[in-house]
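K.L.:
Below is a structure I'd like to ask you about.
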Amino acid sequence: MTPTTTSTSTTAPAPARTPRPRALSASRTTATAARVLRQLTHDPRTIALLILIPCVMLLLLRYVFDGSPRTFDSIGASLLGIFPLITMFLVTSIATLRERTSGTLERLLAMPLGKGDLIAGYALAFGTLAIIQSALATGLALWFLGLDVTGSPWLLLLVALLDALLGTALGLFVSAFAASEFQAVQFMPAVIFPQLLLCGLFTPRDDMHPALEALSDVLPMSYAVDGMNEVLRHTDMTATFVRDVLIVAGCALLVLTLGAATLRRRTT
């Protein structure tokens, strides 16, 4: 009698997937922010670019108009918001892209770390630097360079801080579409320069061609400049100032949300 052999095929169980956290976690967000800040402390040139360049630009601007202090008063407040936005956009986009290309972001996304935690952590880290940057630039303009504003300096600082946070959000967002640091820099003419031309810095937006005026109405930098001008001209907080601040803050939050939506793994 031939013995009957029974063959049993064993199928290896599928590896368990790491559950993806859905809600924002304060601990994960602060841990991400702390890691980014630790990395930035090892790059003194980036710290200098973030904190000192807006101050240097304001200093140069003040003495360019040394014979016409009224001109500095009229545009200095606007540039106090524009300079932090530009520097935060540039540094944030490059720093975030560096983490993408080095594989750090890929490893983080493989961990139980939500996209919202990651984006919020980056925003918190660069937002901390934005607070320092905005405070130094505002203090320099008001108490050393003699910028004359009618409203409260705290309102000026608030708009400068929101502008820096908006630049951070835009930098995080565009880094998802760049393949190299050079491409990240190339986004500046497309994202920043049109806003710079249409924000009302060079000419009042009401005097522009109607099509350009309508376009400027949907660009967040226009409301950043308008908010600075409200502080420049009015003693009290106006309804227009509140509207401008809410629009800039809302745009920053919207862009951060879009940045989290575009955050994805580059490999399969």
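K.L.:
Applying the selection to the stretch 68-88, what residues are crowded, with 18+ Cβ neighbours inside 10 Å, among the small types (Gly, Ala, Ser) and either touching a His at 6+ places or on another chain (Cβ under 8 Å) or farther than 12 Å from MET221 by Cβ (or both)?
P.N.:
GLY76, ALA77
K.L.:
Please enumerate the residues belonging to the stretch 148-187 that are buried (at least 19 other Cβ atoms within 10 Å of the Cβ), closer than 20 Å to LEU258 by Cα and hydrophobic (A, V, I, L, M, F, W, C).
P.N.:
LEU162, ALA164, LEU165, LEU166, ALA169, LEU170, LEU172, PHE173, VAL174, ALA178, ALA184, PHE187
K.L.:
Open to solvent by less than 20 Å² (accessible area, probe 1.4 Å), at pLDDT below 80 and touching an Asp or Glu at 6+ places or on another chain (Cβ under 9 Å), is that true of LEU97?
P.N.:
It is true that LEU97 is open to solvent by less than 20 Å² (accessible area, probe 1.4 Å), at pLDDT below 80 and touching an Asp or Glu at 6+ places or on another chain (Cβ under 9 Å).
K.L.:
Here is a follow-up. In the stretch 223-240, is there at least one residue being without any contact (Cβ under 8 Å) to a residue 60 or more places away in the chain, crowded, with 18+ Cβ neighbours inside 10 Å and assigned to a helix (DSSP H, G or I)?
P.N.:
Checked the stretch 223-240: at least one residue is without any contact (Cβ under 8 Å) to a residue 60 or more places away in the chain, crowded, with 18+ Cβ neighbours inside 10 Å and assigned to a helix (DSSP H, G or I).
K.L.:
Which of the following residues is among the β-branched types (Val, Ile, Thr), open to solvent by 20 Å² or more (accessible area, probe 1.4 Å), at pLDDT below 85 and under 24 Å from ALA125 (Cβ atoms): THR257, THR268?
P.N.:
Answer to the check: THR257.
K.L.:
What about LEU145, is it open to solvent by 30 Å² or more (accessible area, probe 1.4 Å), touching a helix residue (DSSP H, G or I) at 6+ places or on another chain (Cβ under 6 Å), at pLDDT 75 or above and among the aliphatic types (A, V, I, L, M)?
P.N.:
It is false that LEU145 is open to solvent by 30 Å² or more (accessible area, probe 1.4 Å), touching a helix residue (DSSP H, G or I) at 6+ places or on another chain (Cβ under 6 Å), at pLDDT 75 or above and among the aliphatic types (A, V, I, L, M).
The values are calculated or read from the model by the stated rules, or taken from the named source; none is laboratory data. The shown structure was predicted, so the numbers you read here are calculated from the model rather than taken from an experiment. Methodologically, a virtual Cβ is constructed for each residue, glycine included, from the backbone with ideal geometry; neighbour enumeration extends over all protein chains shown. Calculation scope for accessible area: heavy atoms of the full protein, side chains included, ligands and nucleic acids excluded. Shrake-Rupley method; radii C 1.70, N 1.55, O 1.52, S 1.80 Å.
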